[in-house]
1. From the list 87, 66, pick out the single residue that is more than 15 Å from residue 31 (Cβ to Cβ) and out of contact with any strand residue (DSSP E or B) (no Cβ under 8 Å at 6 or more places or on another chain).
2. Just for strands (runs of 3 or more DSSP E) wholly inside segment 39-116: which have at least 3 residues that are under 12 Å from the mean Cα position of the chain (by Cα) and in the same structural domain as residue 129 (by TED's automatic domain parsing)?
């Protein structure tokens, strides 16, 4: 019974922090839907890499023909917007199983079939620059 109370308090505090963060930044915190375009399976043939973003707030990252993910962890969508061309942009924070955090800027094409991403470990990238080492292009599977 005590553990359930602690969990409930933790959840309420997290919700309060989300609301406070949204108010202090001058905008509402983004609440993702269960059918975000971001969710799904994406393939990068250049790196023989497959990444799956799930609507339960998790991700799995596979390389080659592996059946066990090399990287997996949590995913939080913090922002989403649409540009004039109809592409959908996302800012996400991912943390893998060993505690590495990445701030990811992503763009999904208007057709919903191409995902471009770039990430940094300390803050969000300001643009999708193909010259950056962390720049990736994925195709929806």
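1. On the way: 87 fails: out of contact with any strand residue (DSSP E or B) (no Cβ under 8 Å at 6 or more places or on another chain).
After applying the criteria, what remains is 66.
2. Values: elements: 40-44, 49-53, 58-63, 71-82, 88-96, 101-108.
The strands (runs of 3 or more DSSP E) meeting that bar are 49-53, 58-63, 71-82, 88-96, 101-108.
The values are calculated or read from the model by the stated rules, or taken from the named source; none is laboratory data. Because the structure is predicted, anything quoted here is derived from the model rather than measured. Methodologically, a virtual Cβ is constructed for each residue, glycine included, from the backbone with ideal geometry; neighbour enumeration extends over all protein chains shown.
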